[in-house]
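The values are calculated or read from the model by the stated rules, or taken from the named source; none is laboratory data. Predicted, not measured: the structure shown is a model, and the values here were computed from it. Neighbour counts are summed over all protein chains in view; Cβ atoms, including those assigned to glycine, are modelled from backbone coordinates with ideal geometry.
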Amino acid sequence: MRRWFGSCGMALAIGMLGGGAATAADAPTYHREVVRILQKHCQDCHRPGQVAPFSLLNYDQARKRATDLAAVTADRKMPPWHASNDEGGPFRDARVLSQEEIATLGRWAEAGCPEGTSTDAPAPRTWDSDWSLGTPDLVLKASEAYSLAAEGRDEFRVFVLPTGLTEGKWVAAVDFLPGNPKIVHHVLAAFDVRGAAKKLDEADPESGYKAFGGFGVVPSGGLGGWSPGKVARPLPNGVGRYLPAGADVLLQVHYHRSGKVESDQTSIGLYFAKDKVDKQVRGGMVIPPASGLFRRPALLIPAGDANYEITGTKTIDEDSHLFAVTPHMHWLGKDFLMKAIRPDGSTVTLIRIDQWDFNWQGGYDFMAPVPLPKGTRIEMKAHFNNSAENPANPNSPPVAVHWGEQTTDEMCIGFLQMTVDDEHRENQPPPRFAAPPVERLKAAARPE
Ligand code: HEC
C-alpha cells in the first residue's frame, strides 16, 4: 500500500505521460522545501545514534525513500504522535505535519525527487551531543553498565541511584541521556526515600532490578520521563518537584533488544530551581473503580473481546491547573479519551488517542495549563482489543486478562500533573517531606 508511488524515476515517467502531475519546474525541490520539513520533523530521530533505523540528513538518503516518506506522512504514521489533533491539547512539541507539508512531500516524490540548488538550502542542523539545557546541577547514572541479552522480550529495569543530597532540593527541570539509543526505548524517573528500591536492587545480582510498567515499589514521588524525540523542558515558572535529602533516584529503563548483546548506562540530569518555588507538582491518577478484597481496579478483559470498554473518574477537590497528562495502558490498549467536566457544565477534551501504541507512550504537556476548578470531574474512557486480530496481543490464542503490572496484565491510568492554585510554598518543603527521619539524613551525610 505504501509503495504505490513506485520509484521516483517511474513516478516521473508516469507524471510526464499523464501530463496532469506536477512538472519538474513547479515541483518542490529537496534544497528548497523538503530539507526544511525533514529538519523540523524527522531528523531528531532519523540520524545516527538515534531510535530511527535510517538517517534523513542528505539528498540521497531522502531520494532513496521518497515514496515511503510521502506514504508514511500521508498516513500520519510518521512522525510518531498519537494524540488527536482535532480534540484535546493543544500540546507543546506536538509532532504533527501540516497538510501543506504532507502535500509537499507527496508532490516531490511524484515529480521524481528534484534536488534543486544547494544555495536554496538552510544551514544543516547541529545537535549538542550532551545536555540540551546546559550542564545539570546533578548527574546520576548506575555505577556499572547493564548488559542486555540479544534475544527475548522487552525488558524493564530499574536502576537505583543514590543522590547523596544532605538537604532537600527543588527540581526545576530533568533531562536524560540514553546510554545506548539502539536499545533504550523510554525512561521513567522517580525517587524513593524509604530504601525499598535499594533492597530490591541488592537482591538482584546484576545492575538494577527487573520490573514491568512501574518501579516494583511505590515511589515517594515522580521525576518525569524521556521518550524518543522528547525535548527537555523546565517546569512552568515557580513550579518544582521536591527531592528530599537522602533520596534515591529510580530510573526505569524500557529496553528493546537489538538482536546483539548490548550494554547501556543511561544518565539523568537534574536542574535545581534558581528562583523561588511556590507550587509543587501534584500528581493525580484517574483509574477504574476498585473492587474486591484487594481493592484492585475491576478490570477483566474476556479472551477474544475486540472492544472492551473501561471507564474511570476523579473529582478535583481544590482549584487547580493541569499542565501535563500521561495516558498508560499495555499491549491490548486500543484507544484512550480523557475529558474534564467543570462544575459550570463546560466540558473540555484533555486528550484523545485513537490508536493506542504501547511503543510510543509518553507525557503530553499542554501549551497553556488547563484550569480545573474545584469540583471538576475528570472522565476517562478507554478500550482494549483482546482479540487474535490485535497484532500486539502477547497471548496467542488470547486469554482473559486482569489488572496488574506484568507484561501480560493490563492497566488503564490517566496520570495528571497539576498545581493547586492557592498553594504558596515560598521554598518551604512540602509537609510530608518537612521532617525526614534523622537516620536517613545521617546516612546521606556519611562519606562513601
Ligand atoms: C520520534 C522519533 C521519530 C521521528 C520524529 C520520525 N521518525 Fe520515522 N521512524 C522512527 C522509528 C523508531 C522508526 C522505525 C519503525 C517504528 O518503530 O515505528 C521509523 C520509521 C520510519 C519509516 C519506515 C516506516 C516503515 O513502515 O518501515 C519512514 C519512511 C519514516 N520513519 C519516515 C519519517 C519521516 C518522513 C519523518 C518526519 C516527517 C519521521 N519519520 C519522523 C522514529 C521517528
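Points worth noting:
- Counting the residues of region 78-98 that are among the acidic types (Asp, Glu) and touching a Gly at 6+ places or on another chain (Cβ under 7 Å) gives 0.
- Note on region 181-231: residues that are touching a residue at least 60 places away in the same chain (Cβ under 8 Å), within 16 Å of the ligand (Cβ to nearest atom), closer than 24 Å to residue 285 by Cβ and of a type in the set (A, V, I, L, M, F, W, C) amount to 1.
- Test: residue in region 335-349 that is in the same structural domain as residue 409 (by TED's automatic domain parsing), out of contact with any Gly (no Cβ under 8 Å at 6 or more places or on another chain), aromatic (Phe, Trp, Tyr) and surrounded by 20 or more Cβ atoms within 10 Å (Cβ to Cβ): no
- Answer residue from region 416-448, given it is modelled with pLDDT of 90 or more and hydrophobic (A, V, I, L, M, F, W, C) and is surrounded by the fewest Cβ atoms within 10 Å (Cβ to Cβ) among those: 420
- Test: residue in region 253-263 that is charged (D, E, K, R) and within 23 Å of residue 128 (Cβ to Cβ): no
- Residue that is farthest from residue 100 (Cα to Cα), among those in region 38-64 that are near the ligand (Cβ under 6 Å from one of its atoms) and surrounded by 18 or more Cβ atoms within 10 Å (Cβ to Cβ): 51
- Pairs, first more than 19 Å from residue 318 (Cα to Cα) in region 369-384, second not in a strand (DSSP E or B), C-beta under 6 Å, six or more apart: 383/307; 384/332
- Single condition residue 72 does not satisfy, out of (1) within 13 Å of the ligand (Cβ to nearest atom); (2) crowded, with 19+ Cβ neighbours inside 10 Å: (2)
- Qualifying residue in region 107-115 (condition: closer than 30 Å to residue 194 by Cβ and at pLDDT 95 or above): no
- The set of residues in region 103-130 that are in contact with a helix residue (DSSP H, G or I) (Cβ under 7 Å, 6 or more places away or on another chain) and basic (Lys, Arg) contains only 125.
- Residue count, region 84-123 (criterion: within 13 Å of the ligand (Cβ to nearest atom) and in a loop (DSSP other than H, G, I, E, B)): 6
- Elements of type strands (runs of 3 or more DSSP E) in region 312-360, at least 3 residues being at pLDDT 95 or above and under 20 Å from the mean Cα position of the chain (by Cα): 333-341, 347-353
- Beta carbons closer than 8 Å, at least 6 apart along the sequence or on distinct chains, pair a first residue in region 50-66 that is under 19 Å from residue 111 (Cα atoms) with a second that is of a type in the set (Phe, Trp, Tyr) for 59/30; 61/54; 62/30; 63/30; 65/54; 66/5; 66/108.
- None of 346, 291 is under 27 Å from residue 423 (Cβ atoms) and free of Cβ contacts under 8 Å to residues at least 12 places away in the same chain except 346.
- Conditions (1) within 13 Å of the ligand (Cβ to nearest atom); (2) more than 25 Å from the chain's Cα centre (by Cα); number of the one not met by residue 27: (1)
- Selection status of residue 413, β-branched (Val, Ile, Thr), under 30 Å from residue 299 (Cβ atoms) and at pLDDT 95 or above: no
- Residue in region 308-317 that is free of Cβ contacts under 8 Å to residues at least 60 places away in the same chain and of a type in the set (D, E, K, R) present: yes
- Counting residues in region 198-211 that are at pLDDT 90 or above, out of contact with any Phe, Trp or Tyr (no Cβ under 6 Å at 6 or more places or on another chain), among the acidic types (Asp, Glu) and crowded, with 19+ Cβ neighbours inside 10 Å gives zero.
- As a summary of the residue check, residue 171 satisfies the conditions (1) over 22 Å from the mean Cα position of the chain (by Cα); (2) part of a strand (DSSP E or B) except for the one numbered (1).
- Within region 361-399, the only residue that satisfies the criterion of being in a strand (DSSP E or B), closer than 23 Å to residue 156 by Cα and within 16 Å of the ligand (Cβ to nearest atom) is 364.
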